[in-house]
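**Student:** One structure coming up, written as structure tokens, with questions to follow.
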Amino acid sequence: MSDVVLRWSGHGLQAHDADPGAALLAADSWLVEEGTVRGIDRHWRRFGGWCGELGLQDEDVERFAHAVSAALPRAGRWFPRVEVLDGGHLQLRLRAARPAAREAQVIVGAPGDPRAKPTWKGPDIALLGELRSLATAVGADELVLCDDDGRLVEGVYDSLLWWEDDALCTTPSDRTLPGVTRALLLDIASERGHAVRERSPLPEELAGRETWLTNALHGIRAVTAWSGALAAPAARADEWRAALQRTAAPLPV
């Protein structure tokens, strides 16, 4: 099924031909399953913040959000994306969701984060697609980016989390996309009394540790191999997938 693009007119959503040449300034996406979604308020706050920095009016973005919510199907599995294009155009890209994966084999990228805006979703999407192709070309599922010192940052399309004893760890927020799934999991960890830590590990520091890639589409993917070397078993993953799913709520009317 091809994408359906609906452009915001200021008063409603109207069918619009996709414009592959238009610059994508900001975007956000989430998983809709039978009319429920995880962290929808967080997604709109994140997207609205980027819209504000681009000069869009809060009132217009709020009306767009209401129109998007009304337009999303309540049956089936969908992965819609809201977008800001060059010129301040808002639009909804309605997409069927791909099947969720539970595991991922990972390769580590070369030192140096090539993204122009690491904490925004949208401007680097084409580049990230090229990087993902490097992973799939060698039979992996994801490429994890590194900083200039070779320390892990996050996946091309995923946040990076791992366990150190009873602490749930992730990479520093000032250099990563503010992942909604990541934030939900860190909140669950705090509620359960687990320590939450941020640091930038070298790849070898995650040897023997349960490691996850997380995003809105897949939820938690357990890392099974790093550049061919086996990773630690994902003993906690199923329990935490269930806890994450309990955060899902019906789409606003």
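The values are calculated or read from the model by the stated rules, or taken from the named source; none is laboratory data. What you see is a predicted model, and the numbers here were worked out from it, not measured in a lab. Methodologically, a virtual Cβ is constructed for each residue, glycine included, from the backbone with ideal geometry; neighbour enumeration extends over all protein chains shown.
**Student:** Name the residue that is surrounded by the fewest Cβ atoms within 10 Å (Cβ to Cβ), counting only residues in the range 107-145 that are more than 14 Å from the chain's Cα centre (by Cα) and of a type in the set (Asp, Glu).
**Tutor:** This residue is GLU130.
**Student:** For the range 1-58, enumerate the residues that are touching a Lys or Arg at 6+ places or on another chain (Cβ under 7 Å) and free of Cβ contacts under 8 Å to residues at least 40 places away in the same chain.
**Tutor:** GLN14
**Student:** Additional query: Would you check which residues across the range 148-173 are of a type in the set (Ser, Thr, Tyr) and more than 15 Å from TRP212 (Cβ to Cβ) and list them? First the steps, then the outcome.
**Tutor:** Filtering the range 148-173 for residues of a type in the set (Ser, Thr, Tyr) gives 157, 159, 170-171, 173.
Hit for the range 148-173 is SER173, nothing else.
**Student:** Taking the range 176-187, which residues are in contact with a Ser or Thr (Cβ under 8 Å, 6 or more places away or on another chain) and assigned to a helix (DSSP H, G or I)? Give the steps one after another, and end with the answer.
**Tutor:** Here is the first cut: in the range 176-187, the ones in contact with a Ser or Thr (Cβ under 8 Å, 6 or more places away or on another chain) are 176-179, 181-182, 184-186.
Of everything in the range 176-187, those that are in contact with a Ser or Thr (Cβ under 8 Å, 6 or more places away or on another chain) and assigned to a helix (DSSP H, G or I) turn out to be THR181, ARG182, LEU184, LEU185, LEU186.
**Student:** Continuing with this model, one more query. I'd like the full set of residues that are in contact (Cβ under 8 Å) with a residue 12 or more places away in the chain, part of a loop (DSSP other than H, G, I, E, B) and more than 20 Å from the chain's Cα centre (by Cα), limited to the range 193-209.
**Tutor:** Residues of the range 193-209 in contact (Cβ under 8 Å) with a residue 12 or more places away in the chain: 194-203, 206-209.
Keeping just the survivors that are part of a loop (DSSP other than H, G, I, E, B) gives 194-195, 199-202, 207-209.
HIS194, ALA195, PRO201, LEU202, ALA207, GLY208, ARG209, listed by residue number.
Yes/no per residue for (1) farther than 23 Å from ARG81 by Cα; (2) in contact with a Leu (Cβ under 6 Å, 6 or more places away or on another chain); (3) modelled with pLDDT of 95 or more:
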site	(1), (2), (3)
VAL108	yes, no, yes
ALA116	no, no, yes
ASP124	no, no, yes
ASP141	no, no, yes
GLY150	yes, no, yes
GLU154	no, yes, yes
TRP163	yes, no, yes
ALA167	yes, no, yes
